[in-house]
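Here's the structure we're looking at; comments come further down.
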Amino acid sequence: MAVERILKDEASEEKGERARMASFVGAMAIADLVKTTLGPKGMDKILQSTGRGREVTVTNDGATILKSLHIDNAAAKVLVDISKVQDDEVGDGTTSVVVLAGELLREAEKLVAAKIHPMTIIAGYRMAAECARNALLQKVVDNKENEEKFKLDLMKIAMTTLSSKILSQDKEHFAKLAVDAVLRLKGSTNLESIQIIKKPGSSLKDSFLDEGFILDKKIGIGQPKRIENAKILVANTAMDTDKVKIYGARVRVDSMSRVADIEAAEKQKMREKVDKIIAHGINCFVNRQLIYNFPEELFANAGILAIEHADFDGIERLALVTGGEIASTFDNPESVKLGHCKLIEEIMIGEDKLIHFSGVAMGQACTIVLRGASHHVLDEAERSLHDALCVLSQTVNDSRVLLGGGWPEMVMARDVDELARVTPGKKSHAIEAFSRALVAIPTIIADNAGLDSAELVAQLRAEHQKEGCAAGIDVITGSVGDMAELGISEAFKVKQAILLSATEAAEMILRVDEIITCAPRRREDRM
Amino acid sequence: MAAPAISQPRSSKTESYVDNKRKEDIRHANIVAARAVADAVRTSLGPKGMDKMISTASGEVIITNDGATILNKMEVLQPAAKMLVELSKSQDAAAGDGTTTVVVIGGALLKQCLTLLSSGIHPTVISDSLHKVSIKAVDVLTAMAVPVELSDRESLIKSASTSLNSKVVSQYSTLLAPLAVDAVLSVVDPAKPDLVDLRDIKIVKKLGGTVDDTEMVKGLVFDKKASHAAGGPTRVENAKIAVIQFQISPPKTDIEQSIVVSDYTQMDRILKEERNYILGMIKKIKATGCNVLLIQKSILRDAVTDLSLHYLAKAKILVVKDVERDEIEFITKTLNCLPIANIEHFREDKLGHADLVEEVSLGDSKIVKITGIKNMGRTTTVLVRGSNQLVIDEAERSLHDALCVIRCLVNKRFLIAGGGAPEIELSRQLGAWAKVLHGMEGYCVRSFAEALEVIPYTLAENAGLNPIAIVTELRNRHAQGEINAGINVRKGQITNILEENVVQPLLVSTSAITLATECVRMILKIDDIVTVR
């Protein structure tokens, strides 16, 4: 007897082999999509928004591409998620993690076709991942003690990260920018105090690091354009009259002079407020809201520099870096913490005037001003720089470093291969497959660079049989090279995160044997 | 002119594997689309370039020769084509002039890229060699440049006229070029000699007259008439000018208010009070000796009422109302005065002084001119006239380009020959350099060297000359060491272009090369178009 429908009308259910196939195909399609962006010679994608304005983004950043995709496939979503997590956790390797997971699934598909149970595969993958991690742990270099060397490591990591991005041509310049900025943070991973300002015009090479804070605002009229030893009050307060905020409140008077009196009283209140603010002994006042003409003039009279309409981000950062607090009441001047800085002045970048705060209280703060041909270039440059900053700030805390250029994958693959040989039972097939998936990464890097991947990877594998070898793919010359000499390094933390999350994601997708799609919620049919 | 019909490449993601064939197709489509944009503006290059008429969606018609403006109005959709539009905008921001040149160079480079790609060279190799080309090119151009001093007014005027010669208003270049030079030089701050803020130059457009009547005003011009509804003065000598940000009208509180009138006598009293209130304000103003008022526009209440205008007229005060808030800074800077936001702060030391403030009628309409300002700030105003709106707009755009050219010279004081000379020289030197390079790079560099010949080629073509004959002769002359030989479009032959006074700032040429290569490299590196949310 036929069973009655269990699920709703539009819900669908896929089982067993079909379900597995669907998730494999989806995940691999995603991996293939971003595969070509991997490595120093990876390509870019145009992201064309279907929303209003049809905005165009050009990017090489895996996380950015995946984040903006329309995805229907459940397994594909898992991959997008691990890429996001990777982005949040370590900032770089967002493409690698997806590609590795995709390769693991590709291998798993073959094993499943050879009638190996998914659970066996998972067990094998777990053993292999553990073994690979240990292999890396044995090889890490930690230069925390030696400051000179550590800085050099950071430089190398930054250059390696940047070499796959748009900034590759000026990577030394930007690597130096990023390292300087991160070292100023002194170990904190709070990237908030590194401000990135984008100004179109000029070229990428003209980007610079400024040891201060730059606010993209204008100074009020008739106020000093340059202040030394500034005392700054950062506020979020309405600088028009204090209104009674009750709906329908109104005053009733019976003559014009009374109206004038009330107006005068309103002005007086404002003046009192300004006087209170001035009583803080400040010479710079930054407000998040508008400062109207009248208070502006009062500030100008008192010789105070007033900046209006600084955005939320701006004032929060400003308060952070100058060591002040955001104030909204001004009755107790003693209790308000003022911000300090050595010099405030107006500077010009390109065609725009900006306000520059130098010698700020919090030495960690700095601003990176990016210049570039167009908004596309600038946006992409910001993303790339952000990646580099993330990786560097993580590395400052966890200073273990590995070589790059496919070297870690080969090291892992070798150890995993050995493990496969000594493991009895079906699991060894899965372990072997894991090693193949790892080797796929250098293969893809070589492919993207238009090199003969089969030849190069075979050479690499031979090199890696020797103990203490540092061989990796030198994409620039298109041959196998010594990564230690070429100065290509990667952070251990990034590699470890890639390895573990890719394995986990693959495992999760492998476990699936049924996909149930719930009936979509009814809604208006719109484009 | 119709925008090139570029169909949206349809990319449905997520469902299938992307094979390599598709990638080639996307790159190909991008390059073709971008080139279509470049071809659209190609004919407007050079002194004999043609103009485009653009009719916008709102029915407005624009006639222009300015590459950035044309592209901006074209509303292209294809992403790669959009990048070329952006490229032109960047050149506009960086140098202000050469917005067509940069797009034409970009298009020519892309054309070469297509050939290189089809011969199987990897895009990143092409991209890397492009980067090298751009660095080398800047070196070559810098070596060709001649230093210029700001005191050398002649040279500055020459470069401004080169820029103006390719515009609709070219016949007025003898007038506009010196004007642009004087305007820029007058706002250069001796303390910061490298910086020019073009916002210190205000361009006021007024319909009527011809472009010939365009003038530079040492002072301020308002495109408004003085408010003399009640018969106030229209000409004030020895003016004391106040810029006020408050209103001379009955009081109004921020909190909602209503006046309760309960009988007839009260109404009378209220009217009287209103009069007294305004009169009191005006007396205070008059007491400081102020005789010209500039009143900021207010959205909350009337800046002036008929009543206050009447009293102001009685007090012999000239009033200009509805001044925008954005303009206040410019005005106060020019007049060297401070804005006054409250009647209580109305003091004499906040006033600005000028010899003459008068209302001048131009055609049907009137403007207010303030001249002979004492301690005038470093600003200047240019009054642009023209017989119709299209001409005025184009004149303004051309003037802006000319101003930018001078600004470039202030920033980077080098001149370079025009008329295609630098491009052909670049092409020659890069071609020679390509021979000493190894491998693929040499091959790529050689093609790009050839691509740069597009500028002289197009110049000649637009001027109705035989492009091939001209370019080959030009090549020949340069090979013999005449590095300043260029196309003399007027005579239709090749001459030493420096002697013909066709010069342009170095910055325009270098930024055109660097920006164009940067953009082409970006297009090259794209292998997929992904539709996203």
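Just so you know, all these numbers are worked out from the coordinates, no wet-lab data involved. Every value quoted in this text rests on a predicted model; they were computed, and no experiment measured them. Positions of Cβ are backbone-derived with ideal geometry, glycine not excepted, and every protein chain shown enters the neighbour counts.
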Discussion item. Can you give the Rg/Rh ratio of region A:32-159, where Rg is from the C-alpha atoms and Rh is the Kirkwood radius?
Written reply: 1.06
Discussion item. Using Cβ contacts closer than 10 Å as the measure, can you line up B:Ser58, B:Ser44, B:Ser365, A:Ser399 from fewest to most?
Written reply: B:Ser58, B:Ser365, A:Ser399, B:Ser44
Practice prompt. Search the structure for amide H atoms under 5 Å from the amide H of A:Lys41, placed 1.01 Å from N in the peptide plane, and list their residues when 5 or more places away or on another chain.
Written response: none
Discussion item. Compute the distance from the alpha-carbon center of region B:399-467 to that of region A:26-70, in whole Å.
Written reply: 35 Å
Worksheet entry | Dipole magnitude of the protein assembly as shown about its Cα centre (Cβ charges: Lys, Arg +1; Asp, Glu -1), debye to nearest 20 | 1280 debye
Worksheet item: Once the Cα atoms of helix A:118-139 and of chain A are each reduced to a long axis, what angle between those two axes, in degrees from 0 to 90 to the nearest 10, is obtained?
Response: 70 degrees
Discussion item. Given Cβ point charges of +1 (Lys, Arg) and -1 (Asp, Glu) and nothing else, what value in debye, to the nearest 20, does the dipole of region B:77-132 about its Cα centre take?
Written reply: 140 debye
Item to complete: Any lysines with Cα under 19 Å of the A:Lys115 Cα? List them, leaving off those in the same chain fewer than 8 positions away.
Response: A:Lys15, A:Lys426, A:Lys427
Worksheet, complete the sentence: Projecting the Cα atoms of B:Leu110, A:Pro520, B:Pro178 onto the charge dipole of the protein assembly as shown, where Lys and Arg contribute +1 and Asp and Glu -1 at Cβ, the residue farthest towards the positive end is B:Pro178
Worksheet item: Among A:Lys199/B:Lys89; B:Lys240/B:Lys316; B:Lys286/B:Lys374, which pairs are too far apart, with a Cα-Cα distance over 18 Å?
Response: B:Lys286/B:Lys374
Worksheet item: Counting only the backbone N, which residues of region B:498-529 are under 13 Å from the spot 7 Å out from the Cα of B:Ser119 toward its beta-carbon?
Response: none
Discussion item. Classify region B:167-235 from the C-alpha gyration tensor, please: rounded if a/c falls under 1.5, else prolate or oblate depending on whether a/b exceeds b/c.
Written reply: oblate
Worksheet entry | Helix axis angle, B:99-118 relative to chain B longest principal axis, alpha carbon, degrees | 30 degrees
Worksheet item: Once label points are set 7 Å from the Cα along Cα→Cβ at both A:Lys149 and B:Val436, what is their separation, rounded to one decimal in nm?
Response: 4.1 nm
Worksheet, complete the sentence: Expressed in angstrom, Rg and Dmax over the Cα atoms of region A:426-472 are 12.1, 37
Worksheet item: Say each of B:Lys284 and A:Asn229 gets a label point 7 Å from the Cα, pointing the same way as Cα to Cβ; how far apart are those two points in nm?
Response: 3.7 nm
Worksheet entry | Dipole in debye (nearest 20) - region A:290-360, about Cα centre, beta carbon charges: Lys, Arg +1; Asp, Glu -1 | 280 debye
Worksheet item: What shape does region A:363-515 take by its C-alpha gyration tensor, where a ≥ b ≥ c are the square roots of the eigenvalues and a/c under 1.5 counts as rounded, a/b above b/c as prolate, and the rest as oblate?
Response: prolate
Worksheet entry | In region A:88-187, the GluC sites (Glu not before Pro) that fall in loop regions by DSSP, at most 13 other Cβ within 10 Å | A:Glu145
Worksheet entry | Sum of side-chain charges, A:Ser384 neighbourhood, beta-carbon under 9 Å (Lys, Arg +1; Asp, Glu -1) | -2
Item to complete: Please go through the residue pairs A:Lys267/B:Lys202; A:Lys353/B:Lys52; A:Lys165/B:Lys132 and name each one whose alpha carbons sit more than 26 Å apart in this structure.
Response: A:Lys267/B:Lys202; A:Lys353/B:Lys52
Discussion item. Among B:Thr265, A:Leu500, B:Ala485, whose Cα projects farthest towards the positive end of the dipole of the protein assembly as shown, with charges put on the beta-carbon of Lys, Arg (+1) and Asp, Glu (-1)?
Written reply: B:Thr265
Fill in: Flagged links, alpha-carbon separation over 31 Å, of A:Lys225/A:Lys269; B:Lys314/B:Lys350; A:Lys171/A:Lys225; A:Lys217/B:Lys350; A:Lys231/B:Lys224; A:Lys198/A:Lys231
A:Lys171/A:Lys225; A:Lys231/B:Lys224
Worksheet, complete the sentence: Most exposed to least, judged by fewest other Cβ atoms within 10 Å, A:Ile476, A:Ile157 sort to A:Ile476, A:Ile157
Discussion item. For a quick check of your reading of the filter: which GluC sites (Glu not before Pro) in region B:124-224 sit in a DSSP loop and have no more than 10 other Cβ atoms within 10 Å?
Written reply: B:Glu149
Worksheet item: For region B:273-404, what value does the Rg/Rh ratio take when both radii are computed over Cα atoms and Rh is the Kirkwood radius, given to two decimals?
Response: 1.02
Worksheet item: Residues of B:81-92, mean number of Cβ from any other protein chain within 10 Å of their own Cβ, rounded to a whole number?
Response: 4
Worksheet item: For peptide A:36-49, how many partner chain Cβ atoms fall within 10 Å of a residue's Cβ, on average?
Response: 6
Worksheet item: With the contact rule set at Cα under 8 Å and sequence spacing of 6 or more, what percent relative contact order holds for chain B?
Response: 25 percent
Worksheet item: Suppose R0 equals 41 Å; then what is the FRET efficiency for B:Ile135 and A:Asn190 from their Cβ-Cβ distance, rounded to the nearest 0.05?
Response: 0.65
Worksheet item: Helix B:173-187 versus the longest principal axis of chain B: what angle, 0 to 90°, nearest 10, using Cα atoms?
Response: 70 degrees
Worksheet item: So what are chain B's ellipsoid semi-axes, whole angstrom, largest first, if each one is the square root of 5 times an eigenvalue of the alpha-carbon gyration tensor?
Response: 56, 29, 19
Worksheet entry | Gyration tensor verdict on region A:97-179 (Cα atoms; rounded if a/c is under 1.5, prolate if a/b is larger than b/c, oblate otherwise) | oblate
Worksheet entry | Rg/Rg_globular for chain A, with Rg_globular taken as 2.2 N^0.38 Å and Rg from C-alpha atoms | 1.24
Fill in: At 1.306 mPa s and 10 °C, Stokes diffusion of region B:311-389 via Kirkwood alpha-carbon radius, µm² per second
108 µm²/s
